[in-house]
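Data block below; observations after.
Here, each number is a calculation from the coordinates, and none is a lab measurement. What you see is a predicted model; the values in this text were computed from it and never measured. Here the Cβ is made from the backbone with ideal geometry for all residues, glycine too, and neighbour counts use every protein chain on show.
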Amino acid sequence: MLRGIVPVLKLLSIRILRRAFVVAAIVAATVAAPEVAAGIAVPPRPSGSVYDGARVMRQEDVSAIESLSGILWEKARVAVVVATLPDLGGEPVEDASIRIAKAWGVGGKESRGVLILTAVAVL
């Protein structure tokens with residue numbers, strides 16, 4: 001299911017990623033996420049760059065993403081985290097991803113990071 005993400009990450013240059021993260025940081029800083037009464041609980045923070053809560057990723061894909069994320073962090077100080085969830089509990093993906101990224105501290109205080117969130121089922 002997520003096999004296509006590894007080649008995409010390999011094709012993106014660090015320069016393009018830097019620009020995308022700057023734009024994402026500006027957008028995130030200007031848009032306040034509303035509090036959600038219903039929705040998912042924030043999953044536990046992963047020890048690495050991948051949280052496979054939906055259990056849909058192969059180990060070799062997880063390893064490849066971990067490796068690419070490590071390279072991006074070393075070369076550009078940009079964090080890339082990939083998360084899968086079984087569902088979003090009716091919460092919009094934009095709201096869930098912002099809450100999770102903030103709770104996990106993706107990119108640190110400088111917001112130099114991106115969370116790629118995928119839900120297997122949207123209720």
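Amide H contacts of Ile116 (H built 1.01 Å from N, in plane; Pro and chain starts excluded): Val81, Val82, Ala83 sit under 5 Å, all sequence-distant by 5 or more or on other chains. For the peptides 103-110, 80-87, the ranking by mean Cβ contacts within 10 Å, running from highest to lowest, is 80-87, 103-110.
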